[in-house]
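Chemist: Let me give you the structure first, and then I'll get to my questions.
Every number in this text was worked out from the coordinates using simple rules, so none of it is lab data. In this text, all values refer to a predicted model and were calculated from it rather than measured experimentally. Positions of Cβ are backbone-derived with ideal geometry, glycine not excepted, and every protein chain shown enters the neighbour counts.
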């Protein structure tokens, strides 16, 4: 038995239906879209079931280097915003650096990681070119805020290191694993798998880059400031003295670097960047909202 509807409910339903009939096609479509529950308000599916209007060539590298006047203005403006955020991040990183260990007078075993989180999180909205600019400027800005505490060797190398990291993340995360900076796969399992699977590869590669940068910093320091405990002195020394005492744990290499310590630095970088890229995955998805609003 059908339950009789309240006359008032029937009247409201007829009024609502009449209002919808008076709407234009576009207005009615927008009304339907508002009924959808999604992070940007609209659901789209292609013939293969891909969600949210994937462009056919979206994962081709060339697609990331096409700029319209509007898009270029957006990226330049947003780069300025990220630079402003770098000031805040640098202040937080300075607190972390109270734990950093000096190795000579120009090189530190670094503990900060929030700066690289900001830089790589910007790739989704800025693209690799503008994120590279942000990554290159950030170490210099941090050093100035920190009162030139880092000297000039590491900040100089950090500039190149950050640019390399940007391109590694862009190539692996967005091109090889096809994580769209704009769209989100409707299948949550696929979405999460594509985001987390590249992390081990990225973390190891970035740790290698950071460790090589550290070795280069030590090498440059040995030339300009020859008192680093990890590099052989540039001054001549007596080969007759006890090497077991002076170079305990020193492995043979063409650079004379203490490889035991270098591997320890590599392990530390794995931990440091592991934390950084967990934060990256958690933050990066929120960048799509900005892209949807302003693309």
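Chemist: Working out 0.36 nm times the residue gap between residue 171 and residue 190, then minus their Cα-Cα distance, what length gain in nm do you get to one decimal?
Modeler: Extending this stretch completely gives an extra 4.9 nm.
Chemist: Could you compute the FRET efficiency for residue 275 and residue 63, with r as their C-beta to C-beta distance and R0 at 35 Å, rounded to 0.05?
Modeler: Efficiency, rounded to the nearest 0.05: 0.65.
Chemist: Once the Cβ-Cβ distance between residue 71 and residue 152 is put in as r, and R0 is 41 Å, what FRET efficiency do you end up with, to the nearest 0.05?
Modeler: Working: r = 36 Å, r/R0 = 0.87.
The value I calculate is 0.70.
Chemist: So, one more: Counting pairwise Cα distances across the range 86-139, what percent come out greater than 19 angstrom?
Modeler: Values: 510 of 1431 pairs.
Considering the range 86-139, 36 percent of its Cα-Cα pairs are separated by more than 19 Å.
Chemist: Let me ask something else. Sort 112, 286, 184 so that the residue with the fewest other Cβ atoms within 10 Å of its own Cβ comes first and the one with the most comes last.
Modeler: Values: 112 21, 286 11, 184 17.
The fewest-first ordering by Cβ neighbours comes to 286, 184, 112.
Chemist: So how compact is the range 156-228: Cα radius of gyration and Dmax in angstrom?
Modeler: 17.1, 57
Chemist: How far is it, in nm, from the label point at residue 178 to the one at residue 84 when both lie 7 Å from their Cα along the line to the Cβ?
Modeler: Label at residue 178, label at residue 84, 3.8 nm between them.
Chemist: A follow-up question, please. Going by how many other Cβ atoms sit within 10 Å of their own, how do 211, 193, 98, 125 line up, fewest first? Can you show the working numbers first?
Modeler: Numbers: 211 19, 193 13, 98 7, 125 24.
Taking fewest neighbouring Cβ atoms as first place, the list is 98, 193, 211, 125.
Chemist: Here's something else I'd like to know. Quick check on the exposure proxy: order 222, 100, 122, 62 from fewest to most C-beta atoms within 10 angstrom.
Modeler: On the way: 222 22, 100 16, 122 27, 62 7.
In increasing order of surrounding Cβ atoms, one gets 62, 100, 222, 122.
Chemist: Also, I was wondering about something else. Would you mind estimating how fast the range 103-211 diffuses translationally, via Stokes-Einstein at 10 °C and 1.306 mPa s with the Kirkwood radius over Cα pairs, in µm²/s? If you can, show how the numbers build up before the last one.
Modeler: Working: Rh = 15.0 Å.
Rounded to a whole number, D works out at 106 µm²/s.
Chemist: Counting only the backbone N, which residues of the range 131-163 are under 20 Å from the spot 7 Å out from the Cα of residue 91 toward its beta-carbon?
Modeler: Output list for this probe position: 138-150.
Chemist: Kindly provide the Kirkwood hydrodynamic radius of the range 103-166 in Å, to one decimal, from all pairs of distinct alpha carbon atoms. Don't jump to the answer; show the numbers that get you there.
Modeler: Details: mean 1/r = 0.0834 Å⁻¹.
For the range 103-166, the Kirkwood estimate is 12.0 Å.
Chemist: State, to one decimal in nm, how far the label point of residue 109 lies from the label point of residue 263, with both points 7 Å from Cα in the Cβ direction.
Modeler: Placing both labels 7 Å along Cα→Cβ, they lie 1.5 nm apart.
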